[in-house]
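Participant: Okay, handing you the structure first.
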Amino acid sequence: MSRIFGKLGFIHARLWQQDGLYRAAFLFGPAVLVGILGAGVVRVAVQSFETFTYRPSRWAVPMGQNKNWNSDGGIQVIKPLRSLPTIEANGALSGYVPGWQVTAEPAEVNRAMNVDVIGRPLIAAFRISGPKVDVSQLIGRGVGPQRYVGVGTSLLAIRAAGIYALAVRFERPAAPPADCFTRVAFGQGRIVSNLDVDVVQDVSHTFDAVPFSLQPGLYPIGWAFGCWHGKRMTAPGQLALLIRYPGRKTLMPIRSEDLVLPGHQ
């Protein structure tokens, strides 16, 4: 019984903070209040159900994620998942918005020091933008004390045919010890999958770039990233996705407008 009252107390506190109509119901008596509380219970239950049954859309799952692209294996040729949509006057892609679809998923480290991402979302998906992901963006979203990583999916928009190269940079300034996991998948395989154990000193390294021959279109891209100490996610730490565009000699962060999700502005 105490657990039931505890849950009702949690729902009451949440509605009191977020719903002005619920606060106003105290002025109109118990009947209205009970009705709104009942509706709140249903709403919270539905949100919880959506959180634990969430699965990423088919476009958001990079295919064949156990295959690693070899940076020494020549130029990889892959086909886009979707054709390039209409480019609007401001350079945006019609029907798409910039960003990553992100959630948190449990992670386990086996005896061989390989990291398995369980694929069971712990929270509802949220959105972030840009080619850089900071651990601080993944902390404090209601995940309990367990080892987990942030998992992001997006579509990389390639606007012109040519030879591109993709790479990943991991950075962590000197800080208390932590294990940091970096994984990035593109198309049918992984660009990198790496675990840095007991990082203490300042770290900044760029993994080898993988060259691709790409045609105009949308390509699935995704990452799993996190730093933890024990079973708690901990900052600092940053992942950056880099690209070398055709005709360029140096890597640079992927343009934010070229990482997109289906949707509307």
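Participant: With the requirement that a residue be surrounded by 13 or more Cβ atoms within 10 Å (Cβ to Cβ) and among the hydrophobic types (A, V, I, L, M, F, W, C), what does segment 63-86 give you?
Facilitator: Matches in segment 63-86: MET63, TRP69, ILE78, LEU81, LEU84.
Participant: Please specify each residue of segment 123-140 satisfying the condition of being farther than 20 Å from ASP179 by Cβ and of a type outside the set (A, V, I, L, M).
Facilitator: PHE126, ARG127, SER129, GLY130, PRO131, LYS132
Participant: Output yes when any residue across segment 153-169 is crowded, with 21+ Cβ neighbours inside 10 Å, in contact (Cβ under 8 Å) with a residue 40 or more places away in the chain, under 17 Å from MET233 (Cβ atoms) and not polar (S, T, N, Q), and no when none is.
Facilitator: no
Participant: When you look at LYS67, is it modelled with pLDDT of 85 or more and out of contact with any Cys (no Cβ under 7 Å at 6 or more places or on another chain), yes or no?
Facilitator: No; evaluated as a whole, the condition is false for this residue.
Participant: Which of the residues belonging to segment 170-182 are surrounded by fewer than 23 Cβ atoms within 10 Å (Cβ to Cβ), more than 11 Å from ALA240 (Cα to Cα) and not aliphatic (A, V, I, L, M)?
Facilitator: Selection gives ARG172, PRO173, PRO176, PRO177, ASP179.
Participant: Still on this structure: Could you please find all residues in segment 136-168 being β-branched (Val, Ile, Thr) and under 15 Å from PRO121 (Cβ atoms)?
Facilitator: Across segment 136-168, the qualifying residues are VAL143, VAL149, VAL151, THR153.
Participant: Does at least one position in segment 96-105 carry a residue that is β-branched (Val, Ile, Thr), assigned by TED's automatic domain parsing to the domain that holds ARG172, surrounded by 12 or more Cβ atoms within 10 Å (Cβ to Cβ) and out of contact with any Leu (no Cβ under 6 Å at 6 or more places or on another chain)?
Facilitator: Yes: segment 96-105 contains one or more residues that are β-branched (Val, Ile, Thr), assigned by TED's automatic domain parsing to the domain that holds ARG172, surrounded by 12 or more Cβ atoms within 10 Å (Cβ to Cβ) and out of contact with any Leu (no Cβ under 6 Å at 6 or more places or on another chain).
Participant: How do the strands (runs of 3 or more DSSP E) wholly within segment 145-242 filter down when requiring 1 or more residues that are farther than 16 Å from VAL117 by Cβ and out of contact with any Leu (no Cβ under 9 Å at 6 or more places or on another chain): which remain?
Facilitator: The strands (runs of 3 or more DSSP E) meeting that bar are 162-172, 178-186, 189-199, 203-206, 210-214, 217-229.
Participant: Then there is this: Hey, any hits in segment 254-264 for a residue that's assigned to a strand (DSSP E or B), out of contact with any Pro (no Cβ under 7 Å at 6 or more places or on another chain) and touching a residue at least 40 places away in the same chain (Cβ under 8 Å)?
Facilitator: yes
Participant: Do any residues in segment 71-96 that are at negative phi have Cβ atoms under 6 Å from those of residues that are among the charged types (D, E, K, R), where the two are at least six apart or on different chains, and which pairs are they?
Facilitator: As it stands, the answer is SER71/ASP208; SER94/GLU88, since those pairs meet every condition given.
Participant: Next question. Taking the conditions exactly as written (touching a strand residue (DSSP E or B) at 6+ places or on another chain (Cβ under 9 Å), in the same structural domain as ILE163 (by TED's automatic domain parsing) and farther than 18 Å from PHE170 by Cβ), does PRO236 satisfy them or not?
Facilitator: Considered against the rule, which asks whether it is touching a strand residue (DSSP E or B) at 6+ places or on another chain (Cβ under 9 Å), in the same structural domain as ILE163 (by TED's automatic domain parsing) and farther than 18 Å from PHE170 by Cβ, PRO236 comes out as no.
Participant: Quick one: what pairs do we get from segment 112-129, first residue within 20 Å of LEU155 (Cα to Cα) and among the charged types (D, E, K, R), second crowded, with 16+ Cβ neighbours inside 10 Å and at pLDDT 95 or above, C-beta under 8 Å, 6+ apart or different chains?
Facilitator: Here the result reads ARG127/GLY99; ARG127/TRP100; ARG127/GLN101; ARG127/VAL102; ARG127/LEU261, each pair linking segment 112-129 to a residue that is crowded, with 16+ Cβ neighbours inside 10 Å and at pLDDT 95 or above.
Participant: Are any of the residues in segment 116-135 more than 26 Å from HIS205 (Cβ to Cβ), of a type in the set (Gly, Ala, Ser) and either outside any loop (DSSP other than H, G, I, E, B) or not assigned by TED's automatic domain parsing to the domain that holds GLU257 (or both)?
Facilitator: For segment 116-135, residues more than 26 Å from HIS205 (Cβ to Cβ), of a type in the set (Gly, Ala, Ser) and either outside any loop (DSSP other than H, G, I, E, B) or not assigned by TED's automatic domain parsing to the domain that holds GLU257 (or both): absent.
Residue by residue, here is whether (1) surrounded by 15 or more Cβ atoms within 10 Å (Cβ to Cβ); (2) touching a Gly at 6+ places or on another chain (Cβ under 8 Å); (3) within 15 Å of GLN76 (Cα to Cα) holds:
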site	(1), (2), (3)
ILE191	yes, no, yes
VAL203	yes, no, no
PRO211	yes, yes, yes
GLY222	yes, yes, no
GLY237	yes, yes, no
PRO246	no, yes, yes
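Participant: Within segment 71-107, restricting attention to residues that are in a loop (DSSP other than H, G, I, E, B) and in contact with a strand residue (DSSP E or B) (Cβ under 6 Å, 6 or more places away or on another chain), which residue is farthest from VAL184 (Cα to Cα)?
Facilitator: Per the stated criteria, the residue is PRO85.
The values are calculated or read from the model by the stated rules, or taken from the named source; none is laboratory data. Here the structure is a predicted model, which means the values were calculated and not measured. A quick note on method: Cβ atoms are made from the backbone with ideal geometry, for glycine too, and the neighbour counts reach across all protein chains shown.
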